[in-house]
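Below: one structure, written as structure tokens.
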Amino acid sequence: MSNEIQSIVDRYDSDRTRLMDMLWDVQKQQGHISDKAQAQLAQALNMSSDDVSETLTFYHFFLNKSFGKHQVYLCNTVIAKMNGYHDVRKALEQEIGCSFNSVDDSGVIGLGDANCIGLSDQEPAMMVDDVVFTRLTPAKVKEIISQLRQGKSPEEIANPGAIANTELAYVEAIVDANLRTDSIVLFKPNRDYKAILQTCLDNYIPEEVIEMISDSNLKGRGGAGFPTGLKWQFGREAEGEEKYIICNADEGEPGTFKDRVLLSHSPKDVLLGMIAAAYAIGSRYGIIYLRAEYWYIKEFLQQQIEDFRDQGLLGKQILGKDFEFDIRIQMGAGAYVCGDETALIESCEGKRGTPRVKPPYPIQQGYLGMPTSVNNVETLACASRIIEKGAAWFSDMGTEDSTGTRLLSVSGDCEKPGIYEIEWGATLNEVMTMIGAVDPRYVQISGPAGDSLSVEQDGEREFCYSDLSCNGSLMVFDHTRDILEIVRDYSEFFVEESCGICVPCRAGGVDLMHKMERIIAGRGTEQDLEEITTWSNLLKGTSRCGLGTAAPNPILATMDKFPEIYAEKLVVQKGPLLPSFDMEEALSAHELAVKKLMKEEV
Amino acid sequence: MSIKLTIDGKEVHARSGENIIDVASQNGVYIPSLCYVKGKPCLGTCRTCSVKVNGRVMAACTMPVADGMEIEVNDDAEIVDMRKALVELLFSEGNHNCPSCEKSGRCELQATGYEVDMMVSRFPYRFTPRVVDHASKTVFLQRDRCIFCQRCVDMVRDERTGKKIFSIKGRGTHSSIEIDAELANDMTPQQVRYASDLCPVGCIIDKTQGYDDPIGQRKFEIKSIKDRALEKEHR
């Protein structure tokens with residue numbers, strides 16, 4: 001076996017559950033993970049090669065063959081498409097000299113697509129290796145590619161001042177924070193973390209911390225809205241030799257980017273929240289699962305962990321108490337479904353990110369089979385404020401059932417896209433005014449998996465768990481936008497990101513996407529709409545995880561809110577041929593064959 | 001602990017911890033399934049065992065029974081149709097040509113199709129091109145028929161090393177079933193037979209031995225998949 005692979009395996013004590021890290025290390029070192037490297041990893045870990053490949057091929061950013069020295073991934077969300085994506089795409093193909101999903105002739109640059117990379121407030125954007133470039137134009141693309149060709153690294157291009165990647169200024173050189181509101185709960189500057197934790201540990205036993213979080217009525221900010229105090233209480237009561245805290249920083253829901261800004265501008269809020277959770281539950285190990293799209297934050301975040309270790313806030317005997325806790329960062333590798341907590345745990349264990357069957361729930365049996373509390377980045381940051389200011393301070397804000405604040409990641413047709421902190425209870429109209437949306441018609445909240453709103457019908461509805469239970473993503477579309485095309489794009493997204501483990505989501509999602517294509521092409525009938533409804537119910541009812549159950553949401557919700565745009569497209573059958581029958585498409589294979597054969601004859 | 005629940009309105013007793021599919025079976029109610037194997041950990045991949053529990057759709061294989069549960073299997077037209085639709089989805093997603101398949105008459109997907117009264121798939125057939133893998137000496141993979149139940153992935157291991165012989169590559173619609181040819185070459189004839197019998201469809205085919213039961217006397221022609229599932233419980 002090569003020394004390189006062996007030293008990578010040794011770095012993780014030949015622990016099979018750290019396969020994700022090993023794959024990243026091999027790829028960083030060798031550019032991709034060849035069949036040979038897979039075989040060597042497999043041998044060292046007593047796995048079959050196919051078993052290594054099973055994990056590898058699940059993730060978008062792991063490469064099993066060379067994809068150039070540098071990899072360019074252009075984000076292809078609907079928001080990007082509203083901001084000049086198509087021109088940028090053409091420019092990339094022209095400048096690099098290859099089409100998408102291929103490598104240029106010199107083997108220097110590979111070009112591919114990416115789903116939302118957490119930059120909807122500054123699209124079009126692309127990843128190049130570990131950094132990103134935002135607000136792209138064809139001219140900017142030309143400049144970047146030419147510098148790459150001259151041998152500059154993407155880091156040098158994105159960060160010409162050569163700021164260390166452990167500094168916030170490095171992250172700021174690469175992306176804008178676009179923080180649009182003053183701090184209410186989150187983004188509080190100049191906090192004395194040591195004093196806050198000291199006060200907490202001196203004055204409260206773990207049960208009291210849980211009580212405080214329960215009294216604050218803090219609910220999970222990832223979208224499901226499970227009471228955080230209750231989750232921690234279950235975690236405390238659950239039996240296990242070890243217990244784990246996982247911070248879910250895999251925000252993959254298209255349109256959301258609040259965790260990116262939280263982790264770069266208030267990272268220690270999140271770390272302190274994890275420490276509080278660990279103290280409450282009785283955990284010694286924490287993991288931050290950071291999506292691969294955020295590599296450029298990783299070293300900065302790691303530095304924050306180091307700072308806390310130096311100050312005695314992490315490690316053994318934290319602040320002199322009999323309390324031990326430390327945190328590692330687990331990099332993801334490009335899979336939306338890993339936002340599901342059980343899929344995320346599978347990924348942390350070095351496996352395919354397929355959601356587990358539930359029950360049991362992670363709080364009983366999670367990471368490595370032990371009780372695990374998976375919490376959203378924002379939830380943990382809120383918790384760090386609650387242990388500082390008390391439950392009443394927090395629950396005085398917002399509404400009865402939704403206390404505190406909500407971060408909104410705003411993108412689309414408005415003057416000021418970016419991050420907004422609102423108190424729960426704000427109405428959709430108030431938010432539209434705040435963000436400078438001039439002519440909003442359709443708002444997609446909580447990403448494609450969430451709800452579709454008509455500003456005209458839903459303007460006075462409130463953001464709160466009992467009404468507009470928003471996970472933070474808010475995409476605004478004005479009257480010039482093609483809603484059907486947006487919805488079709490979302491349905492394609494779900495097909496691409498389905499893990500494929502269950503039948504309804506893997507197979508049914510494709511059929512729903514085809515229905516949308518048929519309607520857009522003007523070949524849909526009333527029967528297609530009826531079938532969309534029943535097939536959607538099939539996915540919603542029988543899918544294994546939230547991805548499959550949510551996949552039909554954009555179609556169903558827009559059919560409900562904007563029935564007229566569907567009705568306009570419908571046709572009535574005339575004659576014996578079904579309207580869905582596309583004569584041109586049916587004959588296209590014949591045409592192709594004829595063309596090919598003609599060529600061969602010549 | 002003994003608990004009480006209802007299945008299609010009929011009160012039944014069960015031990016807590018058992019799953020719905022087994023409890024229903026013990027009480028003479030057949031719930032189709034293409035991935036669940038009694039006594040093995042639940043895979044929860046095919047979803048064809050979906051039932052309604054207190055009005056909510058759940059997979060019967062992964063859901064343990066609880067006191068007071070109201071379970072609908074055949075009393076609710078919607079859930080009956082959902083199970084049928086899932087079977088139909090599998091027929092349109094893969095390429096299933098029963099008359100030319102070695103497993104015909106022994107195929108759980110085919111037999112389940114009969115049980116759910118399927119005539120034709122309501123979903124458009126996709127005719128996805130899939131490539132046969134014949135690299136191993138013992139079995140070949142007829143991928144047209146794979147339904148990604150993952151039985152082979154989870155339940156067939158190399159007897160010496162415990163390594164996976166079968167695995168899934170890619171994700172979503174790009175998934176494919178893979179076989180480690182070297183490990184497969186070391187499979188004993190008994191293990192090959194176990195794997196091909198375990199496969200609910202005709203994807204894992206024994207290269208060394210064919211089927212010799214004549215039409216009319218094949219496994220599910222002698223006794224239906226439903227009767228076999230219920231009989232297991234009363235044995």
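FYI, it's all coordinate maths here, none of it is from the lab. Remember, predicted model here, so these are calculated numbers, not experimental data. Every residue, glycine among them, receives a Cβ derived from its backbone with ideal geometry; neighbour counts consider all protein chains shown.
Summary of computed values
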read-out: Per-residue ³J(HN,Hα) for region B:184-191, Karplus 6.51 cos²θ - 1.76 cosθ + 1.60, θ = phi - 60°, Hz, x for Gly and Pro; value: 5, 4, 8, 5, 6, x, 5, 5
read-out: For the protein assembly as shown, share of DSSP beta bridges that run antiparallel, in % to the nearest 5; value: 60
read-out: Within region A:158-271: Cβ-based charge dipole about Cα centre, in debye rounded to nearest 20 (Lys, Arg +1; Asp, Glu -1); value: 360
read-out: The protein assembly as shown - charge dipole about Cα centre, Lys and Arg +1 at Cβ, Asp and Glu -1, debye rounded to 20; value: 1960
read-out: Residue pairs, from the table A:90/A:599; A:358/A:540; A:194/A:389; A:219/A:258, whose Cα atoms sit over 19 Å apart; value: A:90/A:599
read-out: Full-stretch length increase - residue A:28, residue A:577 - with 0.36 nm per residue and alpha-carbon distance subtracted; value: 192.1 nm
read-out: Ascending count of other beta-carbon atoms within 10 Å, so fewest first, for A:257, A:187, A:226; value: A:226, A:187, A:257
read-out: Residue among B:166, B:148, A:325 farthest towards the positive dipole end of the protein assembly as shown, charges placed on Cβ; value: B:166
read-out: Given charges at beta-carbon only (K, R positive; D, E negative), |dipole| of region B:58-183 in Debye; value: 880
read-out: Neighbour-count order for A:58, B:220, fewest beta carbons within 10 angstrom listed first; value: B:220, A:58
read-out: Cross-link pairs A:81/A:595; A:515/B:84; B:10/B:38; A:268/A:298; A:351/B:164 - those with Cα-Cα distance over 22 Å; value: A:81/A:595; B:10/B:38
read-out: Amide proton proximity set for residue A:329, modelled H, under 5 Å, gap of 5+; value: A:288
read-out: Spacing of the two label points (7 Å from each Cα toward its C-beta) at residue B:207 and residue A:321, in nm; value: 6.3
read-out: Ranked list, fewest to most other Cβ atoms within 10 Å of each Cβ, for A:300, A:493; value: A:300, A:493
read-out: DSSP-defined beta bridges in region B:95-222 - what % are antiparallel, rounded to 5; value: 100
read-out: Sites residue B:1 and residue A:108 - FRET efficiency at Förster radius 56 Å, r taken between beta-carbons, to 0.05; value: 0.25
read-out: Per-residue HN-Hα couplings for region A:96-109 [Karplus 6.51, -1.76, 1.60; θ = phi - 60°; Hz; x = Gly/Pro]; value: 7, x, 8, 8, 5, 6, 8, 10, 5, 4, 7, x, 8, 10
read-out: Virtual spin-label span in nm between residue A:90 and residue A:164, 7 Å along Cα→Cβ; value: 4.6
read-out: Listed residues A:338, A:405, A:228: farthest to the positive end of the dipole of the protein assembly as shown (Cβ charges); value: A:338
read-out: Dipole-positive endmost among A:30, A:186, A:83 within the protein assembly as shown (Cβ charges, Cα centre); value: A:30
read-out: Relative contact order of region A:399-523, defined on C-alpha pairs under 8 angstrom at six or more residues apart (%); value: 23
read-out: Cubic angstrom per residue, convex hull over Cα atoms of region A:279-336; value: 77
read-out: Normalised convex hull volume, region A:347-415, alpha-carbon set, Å³ per residue; value: 197
read-out: Theoretical ellipticity at 222 nm over chain A - DSSP helices of four or more residues, -39500 (n - 2.57) apiece, nearest 500; value: -13000 deg cm²/dmol
read-out: For region A:70-162: rounded, prolate or oblate by the Cα gyration tensor [a/c cutoff 1.5]; value: oblate
read-out: Virtual spin-label span in nm between residue A:11 and residue A:485, 7 Å along Cα→Cβ; value: 4.4
read-out: Relative contact order of chain A, pairs being alpha-carbon contacts under 8 Å that are 6 or more residues apart, as %; value: 13
read-out: Region B:95-222: relative contact order in percent, alpha carbon pairs under 8 Å with at least 6 residues between; value: 33
read-out: Backbone HN-Hα couplings from phi across region A:177-191 [Karplus 6.51/-1.76/1.60, Hz, Gly and Pro as x]; value: 7, 6, 7, 9, 10, 6, 5, 10, 10, 9, 6, 6, x, 6, 8
read-out: Beta bridge orientation in region A:70-162: antiparallel %, DSSP, nearest 5; value: 55
read-out: Linear extension gain, residue A:395 paired with residue A:191, 0.36 nm per residue minus alpha-carbon span; value: 71.4 nm
read-out: Contour minus Cα-Cα distance for residue A:100 and residue A:466 (0.36 nm per residue); value: 127.4 nm
